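These notes are about the structure you will find just below.
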Amino acid sequence: MYNPRWFREERAEVIFEMIDRISFGTVVTVTPRGVSASHVPMLIDRDAGEHGTILGHIARGNLQWRDTVPGTEGLAIFVGPQAYISPKWYESSIGKGEVVPTWNYIAVHARGPVSFFTDESRLLKLVTRLTEKFEEGQGSPWRVSEAPADYLARELKAIVGFEIRVSSLEGKWKLGQNRPLGDRLGVVAGLRSRGAGDDLELAGEMSRDGTDSPPT
């Protein structure tokens, strides 16, 4: 992805944390008819491989797993908090007016060899990990073991797992780092005032990303 130096995030632990937070993304693969994409929840196994491994599953009826060209790369895309940025929020809009709207956002691309699997024991481990992750905030979490064994076996036959052994991990934190400090502070204030969608989360990310110091 286009990723100017101002926005580039290269710390693996920061990128891993964001993947964990976002969790839902798009897995893109190459087929003889062009690219294929599915929108699914995913996990990052940080300790599997130099840059980690992305894990998820798709429906068996989704032909992406059959059509993907063996030995090719897959791409997992995660889009974090994002929001429209009004030029009215920029301090530099006062007077000259030489400003335009933009969009601030966080995005992660994880690329590497992709493979699919149908082994029931691997699938069971995968869906168990996914369930435990997303049930964590529940007062009384639902567990995979609560489903009848025969029903669970049928459900596992209806999905196909995938893994991407990550060879390239890209993080883009487009948070206005290329703008003067006054503009960044104005955007944070504007996002907090509007408070719609991802505004508050994005304002928090901008505050953590250095609005207390000008870009270099």
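Quick note: the coordinates plus some simple rules give every number you see, no bench work behind them. What you see is a predicted model; the values in this text were computed from it and never measured. With ideal geometry, Cβ positions are generated from the backbone for all residues, glycine too; neighbour counts draw on all protein chains shown.
With semi-axes √(5λ) of the Cα gyration tensor in Å as the read-out, I listed [x] 34, 18, 14; [y] 27, 21, 15; [z] 38, 20, 15; which label goes with the value calculated from this structure?
The calculated read-out lines up with [z].
How about region 1-91: which chymotrypsin sites (Phe, Trp or Tyr not before Pro) there are in a DSSP loop, with at most 14 other Cβ atoms within 10 Å of their Cβ? Don't skip to the end; give the middle numbers.
Numbers: sites: 2, 6, 7, 16, 24, 65, 78, 84, 89, 90; in loops: 2, 90.
Loop-located and lightly packed - 2.
Through the Karplus equation 6.51 cos²θ - 1.76 cosθ + 1.60, θ set to phi - 60°, convert the phi angles of region 113-123 into ³J(HN,Hα) values in whole Hz; use x for Gly and Pro.
Each residue of region 113-123 in turn: x, 10, 9, 10, 9, 10, 4, 4, 5, 5, 5 Hz.
What dipole magnitude, in Debye to the nearest 20, does region 63-209 give about its Cα centre under +1 on Lys/Arg Cβ and -1 on Asp/Glu Cβ?
320
In whole Hz, with x marking every Gly and Pro, tabulate ³J(HN,Hα) for region 71-86 from phi via Karplus 6.51 cos²θ - 1.76 cosθ + 1.60, θ = phi - 60°.
x, 8, 7, x, 9, 9, 10, 10, 10, x, x, 8, 6, 6, 10, 7
Please list 3J(HN,Hα) in residue order for region 144-161, calculated via the Karplus relation 6.51 cos²θ - 1.76 cosθ + 1.60 where θ = phi - 60°; whole Hz, with x for glycine and proline.
For region 144-161, the Karplus curve yields 4, 5, 6, 7, x, 4, 5, 5, 4, 4, 5, 5, 5, 6, 8, 10, 10, x Hz.
Could you state the angle between the C-alpha long axis of helix 12-22 and the longest principal axis of the C-alpha atoms of the chain, as a value from 0 to 90 degrees rounded to the nearest 10?
On a 0 to 90 degree scale, this one is about 80.
Taking loop as defined by DSSP and a crowding limit of 14 other beta carbons within 10 Å, which trypsin sites (Lys or Arg not before Pro) in region 112-151 fit? Write down the numbers at each step before the final one.
Values: sites: 122, 125, 129, 133, 143; in loops: 143.
When the trypsin sites (Lys or Arg not before Pro) of region 112-151 are filtered for loop state and at most 14 Cβ neighbours within 10 Å, 143 remain.
Among 25, 104, 89, which residue has its Cα furthest toward the positive end of the charge dipole of region 1-121, with +1 on Lys/Arg Cβ and -1 on Asp/Glu Cβ?
Of the listed residues, the answer is 89.
Taking amide H positions as placed 1.01 Å from N in the peptide plane, with prolines and chain starts having none, which residues 5 or more places from residue 167, or on another chain, fall under 5 Å of its amide H?
111, 112
Enumerate by residue number the GluC sites (Glu not before Pro) in region 1-105 meeting two conditions: DSSP loop (anything except H, G, I, E, B), and at most 13 other Cβ atoms within 10 Å of the site's Cβ.
10, 50, 98
How tilted is helix 181-194 with respect to the longest principal axis of the chain? Cα atoms for both, answer in degrees (0 to 90, nearest 10).
The answer is roughly 60 degrees.
Defining a contact as two alpha carbons under 8 Å apart and six or more residues distant in sequence, what relative contact order in percent does region 67-216 show?
31
Hey, what angle do you get for helix 199-208 against the long axis of the chain, alpha-carbon based, 0 to 90 degrees rounded to 10?
70
In terms of modelled amide H atoms, which long-range or inter-chain residues lie less than 5 Å from the amide H of residue 159?
60
So between residue 133 and residue 151, what do we pick up on full extension, going 0.36 nm a residue minus the alpha carbon distance?
4.3 nm
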